[in-house]
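Here the structure is laid out as C-alpha cells; the discussion comes afterwards.
Since every read-out is calculated from the coordinates, none of them should be taken as a lab result. Note that the coordinates shown come from a computational prediction; the quantities given were computed from them, not determined experimentally. Methodologically, a virtual Cβ is constructed for each residue, glycine included, from the backbone with ideal geometry; neighbour enumeration extends over all protein chains shown.
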Amino acid sequence: MSDKVAETAGTDAKADKTDKAEKHLYMMQFEGTAGAKTGLRMGARHMIMVFIVASEPKFAVAKGHKGLEVTGWSGLEMKKIGDITGKKRFEDKAMDASARKAMEKGASFLIFKNEIKGQA
C-alpha cells in the first residue's frame, strides 16, 4: 500500500505556449500545512512533491507555490528543486505518473499521507 495520495492540478498550458523560452520539467519538494480543502487532517504538515513545466526555476517555484495555495495548503516551505528534463523514468509508479501528468497538463502534485512529525 502506498503512503502517497496523488493530487494533480493543471495550469493554463495555452498561455505557456506563447512564451518562446525553452520549457523544462522541474521536480520540487515542499512541506505544507493541510487546510480544509485538502481532505487531510487540518493543521497537519505533509511532504508534497511538485512537478511543474516552466522556463526557469523561479517560475516553477512560483507556479508550485500558487497551485498549492489554491488547493488548500499553507505554511509552504520549498526544500529542494531539480530540473529533471530528459531524465530516466521513476521506478516509483506514483512519482512517474505524477511527472508524466505534469508533462501533459503543466503541473502535478503528489501528497505524502504520512504526517511530518514536529521537531523539538
Among the listed pairs K63/K117; K66/K88; K93/K117; K23/K113; K37/K101, those beyond 23 Å (Cα-Cα): K63/K117; K66/K88; K93/K117; K23/K113
Highest-first arrangement of 45-52, 70-77, where packing means the average Cβ count within 10 Å: 45-52, 70-77
Charge dipole (debye, nearest 20) of the stretch 40-120; +1 at Cβ of Lys and Arg, -1 at Cβ of Asp and Glu: 100 debye
Hydrodynamic radius (Kirkwood) for the stretch 67-120, which is based on Cα pairs only, to one decimal in Å: 13.4 Å
Inter-label distance, nm, simple model (7 Å from Cα along the C-beta direction), D83/E56: 1.2 nm
